[in-house]
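Each remark here refers to the structure printed beneath this line.
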Amino acid sequence: MQRRKFLQYAAASGLGILASGYLYKYRQNDVVGTAAAARNVARTPLFIPGNSGPLGILDISDAPLTLNARATTLPLIQGKPSPFLIYAAQYDDKDYQNPIIRIKRGKQFNARLQNDLTEPTIVHWHGLHVPGAMDGHPRNTIAASGHYDYAFPVTNRGGMYWYHTHAHNLTAKQAYFGLAGIFMVEDEDDLAVRTALQLEPGVTELPLLIQDKQFNSAGELEYASNPMQQMMGQLGDTILVNLTPHPQLDIANRLYRFRILNGSNSRIYKLAFVHGEKKLPYTIIGTDAGLLDQPYPAQEAFLAPAERLDILFDASRLRTGDEIALKSLAFEAMNNDMMGGMGGMMGGMSGMGMGGMGGSSLALGAEFEIMKLAVTHQGVATPSVPPRKLSTIARIDTRKAAVRNISLTMQRMRWLINGESFEMGRYPIESRRNTVELWDIQNAKMSMPHPMHLHGFSFQIVSRSNSPSQVRKLSQDANGRMVTDLGWKDTILVWPGETVRIAIDFTNAYKGDQIYLFHCHNLEHEDQGMMVNHLVTAV
Ligand code: C2O
Ligand code: CU
Ligand code: CU
């Protein structure tokens, strides 16, 4: 608390240079304290979603679904109730909170958002190819006690999508306090993997919703949005998986499928399974918008806010009693260059890492454990090699595509897209329906990593250039792409100094002009205006 006040003061008064020595010592203590705490901490069994209740799997039939956005309390830490926001639903006589909505590809989805909050909200279907009016654009934000009706066919590939609030200027806070859930689309490719590997959803195929949160001593969620957190993004020092702090999953020695969503406001993870000092291999089989063409081996992978990964972890050669940690490995946060670029205001604090400035003692890029996996029982022998071919990914034909330059910069403490900050009535990017474009998303050198997200369409990564070495180390083709770049995407992390070229096919079947968005999924950046309208005009 003292430190945060001091930081606010330091930031607001330009005392950064004086502050640096004092803060550096402070941080070192924090790091030691956090590591010690992590060793002694009591573990909680990972919460596994059932068929009702919190995160319960809700199979959509023909009946429409009503999601009630409402305030509640939820015990997250040591049984202490914390303020929380949920989408409550009743369906087939069952109660749900933030349900995992599950639907078959091709089905019609009918839902109503009922706003039982005391402030405006709207819900967005992240990654789904819906018409503009169904997208949950912030212009459709509804007032308290209002409602919004959605109806659209689910045309997406099988995969893990999600839904979350998109109320302008309130998205970060509302999402942080809970307004987010998983939206699973199933198709034949997806079921084929499940069958081939004898996976059982809820037992050996599990969703992992990863979020970092900050708690006060009363066990309540804290969203302290000082100017520094607004600019850098909210970070928390407690990692929740499926809302479980310090989770442990007891496993058998067989193969598991984890479907991972980074639902954090701003934290990037570098995922690895670690046994003692040794990294264990895992297999990446899918990205944001469904399965890859084939399985790819990996030892580590970055996962930025809003990104998803579908992975297989083979525990069949492990022994009962073995403990494995799903970790986020250390990486370079790459916010250092920026510090010089803020008019010297932050001078001297550059070695601090963002965490120290964000009110969290866990800096971006620090190493920490996300979840413990304990091999507690013997598995029956099951196949542990995934099918060679998982799905078909037709590359977008870019021969006639126009190239669009997108710059990510900062000016006067604001993050900008092509020099623009969000304005509801402006349409800085306009594309024509049924055309293909290449976007060169170029992040300034003095910047932060920005997870950039496009509404309404999935895209493909064509190349990465000027990538930092920690990205180049993971790249596996001549275009600088990592395994996580090889599938269909809707969110892509662009590192400082880097240019990522993406291909987008703006083909859809919707009549008239459609209004979508392109924005940074660091939710504090988004709320601050790192977002632009994207108009897709009818041919
Ligand atoms: Cu995940 Cu504009 O959204
Ligand atoms: Cu989205
Ligand atoms: Cu950003």
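Details
- For L179, the criteria (1) without any contact (Cβ under 8 Å) to a residue 60 or more places away in the chain; (2) within 16 Å of ligand 2 (Cβ to nearest atom) hold in every case but one, which is (1).
- The set of residues in the stretch 527-539 being within 13 Å of ligand 2 (Cβ to nearest atom) and over 12 Å from E420 (Cα atoms) consists of H534 alone.
- Whichever residue in the stretch 495-538 is crowded, with 23+ Cβ neighbours inside 10 Å and polar (S, T, N, Q) and, among such residues, is nearest to I393 (Cα to Cα): Q514
- Check on G146, modelled with pLDDT of 95 or more and surrounded by fewer than 18 Cβ atoms within 10 Å (Cβ to Cβ): yes
- Residue within the stretch 41-55 that is out of contact with any strand residue (DSSP E or B) (no Cβ under 8 Å at 6 or more places or on another chain) and open to solvent by less than 50 Å² (accessible area, probe 1.4 Å) present: yes
- Among the residues of the stretch 504-516, those identified as within 22 Å of A289 (Cβ to Cβ), more than 21 Å from the chain's Cα centre (by Cα) and in contact (Cβ under 8 Å) with a residue 40 or more places away in the chain are D505, F506, T507, N508, Y510, Q514, I515.
- Selection within the stretch 98-143: residues that are in a strand (DSSP E or B), away from ligand 1 (no atom under 16 Å from the Cβ) and free of Cβ contacts under 8 Å to residues at least 60 places away in the same chain. The member of this set that is surrounded by the fewest Cβ atoms within 10 Å (Cβ to Cβ) is Q108.
- Leading residue by the ranking (farthest from ligand 1 (Cβ to nearest atom)) among those in the stretch 150-160 that are assigned to a strand (DSSP E or B) and in contact with a helix residue (DSSP H, G or I) (Cβ under 9 Å, 6 or more places away or on another chain): A151
- When the stretch 385-420 is filtered for residues that are in a loop (DSSP other than H, G, I, E, B) and hydrophobic (A, V, I, L, M, F, W, C), the ones remaining, listed by number, are V385, L390, I393, A394, I396, A401, M413.
- Every condition in (1) open to solvent by 10 Å² or more (accessible area, probe 1.4 Å); (2) farther than 14 Å from F84 by Cβ; (3) not basic (K, R) holds for Q234 except the one numbered (1).
- Residue that is of a type in the set (K, R), more than 16 Å from ligand 3 (Cβ to nearest atom) and more than 17 Å from A180 (Cα to Cα), where the choices are R102, R43: R43
- K489 vs. criteria within 16 Å of ligand 1 (Cβ to nearest atom) and either in contact (Cβ under 8 Å) with a residue 12 or more places away in the chain or not aromatic (F, W, Y) (or both): yes
- Residue check for A272: in a strand (DSSP E or B) and farther than 21 Å from P201 by Cα: yes
- Tallying residues that are open to solvent by 50 Å² or more (accessible area, probe 1.4 Å) and farther than 24 Å from I461 by Cβ within the stretch 381-429 yields 12.
- So A69, is it of a type in the set (A, V, I, L, M, F, W, C) and surrounded by fewer than 17 Cβ atoms within 10 Å (Cβ to Cβ): no
- The stretch 430-485: number of residues that are open to solvent by 10 Å² or more (accessible area, probe 1.4 Å), within 16 Å of ligand 3 (Cβ to nearest atom) and outside any loop (DSSP other than H, G, I, E, B): 1
- Residue within the stretch 517-524 that is under 30 Å from P227 (Cβ atoms), part of a helix (DSSP H, G or I), more than 16 Å from ligand 2 (Cβ to nearest atom) and in contact (Cβ under 8 Å) with a residue 60 or more places away in the chain present: yes
- Residue check: Y163 meets all listed conditions (1) part of a strand (DSSP E or B); (2) over 19 Å from the mean Cα position of the chain (by Cα); (3) not β-branched (V, I, T) but one, namely (2).
- All positions within the stretch 209-234 that are in contact with a Leu (Cβ under 6 Å, 6 or more places away or on another chain) and either assigned to a loop (DSSP other than H, G, I, E, B) or polar (S, T, N, Q) (or both): Q211
- Yes/no for T320 being of a type in the set (V, I, T) and either away from ligand 1 (no atom under 16 Å from the Cβ) or out of contact with any strand residue (DSSP E or B) (no Cβ under 7 Å at 6 or more places or on another chain) (or both): yes
The values are calculated or read from the model by the stated rules, or taken from the named source; none is laboratory data. What you are looking at is a predicted structure, and each value in this text was computed from that prediction instead of being measured. Note: ideal-geometry Cβ built from the backbone for every residue, glycine included; neighbour counts use all protein chains shown. Accessible surface is based on the protein model in full, side chains and every heavy atom, while ligands, DNA and RNA are left aside. Shrake-Rupley method; radii C 1.70, N 1.55, O 1.52, S 1.80 Å.
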